[in-house]
1. With surrounded by fewer than 18 Cβ atoms within 10 Å (Cβ to Cβ) and modelled with pLDDT of 95 or more as the only criterion, which of 77, 110 stands out?
2. Please go through segment 57-73 and give me each residue that is more than 21 Å from residue 15 (Cα to Cα) and buried (at least 16 other Cβ atoms within 10 Å of the Cβ), ordered by number.
3. Could you grab me the full set of residues in segment 153-177 that are more than 20 Å from the chain's Cα centre (by Cα) and surrounded by 15 or more Cβ atoms within 10 Å (Cβ to Cβ)?
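The values are calculated or read from the model by the stated rules, or taken from the named source; none is laboratory data. Keep in mind the model is a prediction, meaning the values are calculated, not measured. Positions of Cβ are generated from backbone atoms using ideal geometry, with glycine treated the same way; all protein chains shown enter the neighbour counts.
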């Protein structure tokens, strides 16, 4: 279990990480956008007595576990634990808000997911997806075969392959429940907001 003080520090670091992008106290031109972690780190270090884990998180929040991030191309355990947690949460909400990602071909989608996974601490990623829902229960989704289904259960071992119930199909029976992990030919291509007649 995480100590309450650590949770407070994680929340504070999350709130402060993009300070240099929004504060008039730090001047950044468009060419310096990639320097915002350094600028925020330097500003807070000079002006406030923040704990090192907060400062390191501000500095590391765009670093990737595989060493492809910025500003210092840190790798693995060199990156603060809080920054590794925040990067997974940022990825999660980016996926949930980018409906276009699900519209990619199967190959593009799998490539993007595999590429993204290498950027994160898999130990934290596995724990995160065991405790988070990529698809909210009762979400309508379109499958790559054109069928419409509703998410009835999330899959802890693969968040992209939940259990769905068919609501419109030319292939399956109405109400049939499919565990997408057992149907490699099927994938979710987009979220639906209503079903047309």
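1. Working: 110 fails: modelled with pLDDT of 95 or more.
One residue alone meets the criteria, 77.
2. The one that is more than 21 Å from residue 15 (Cα to Cα) and buried (at least 16 other Cβ atoms within 10 Å of the Cβ): 65.
3. If the condition is that a residue be more than 20 Å from the chain's Cα centre (by Cα) and surrounded by 15 or more Cβ atoms within 10 Å (Cβ to Cβ), then 163, 164, 165, 166, 167, 168, 169, 172 are the ones that fit.
One line per residue, one yes/no per condition, for (1) within 30 Å of residue 82 (Cβ to Cβ); (2) in the same structural domain as residue 70 (by TED's automatic domain parsing); (3) out of contact with any helix residue (DSSP H, G or I) (no Cβ under 9 Å at 6 or more places or on another chain):
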{"site": "120", "(1), (2), (3)": "yes, no, no"}
{"site": "125", "(1), (2), (3)": "yes, no, no"}
{"site": "145", "(1), (2), (3)": "no, no, yes"}
{"site": "156", "(1), (2), (3)": "yes, no, no"}
{"site": "168", "(1), (2), (3)": "no, no, yes"}
{"site": "171", "(1), (2), (3)": "no, no, yes"}
{"site": "178", "(1), (2), (3)": "no, no, yes"}
{"site": "187", "(1), (2), (3)": "no, no, no"}
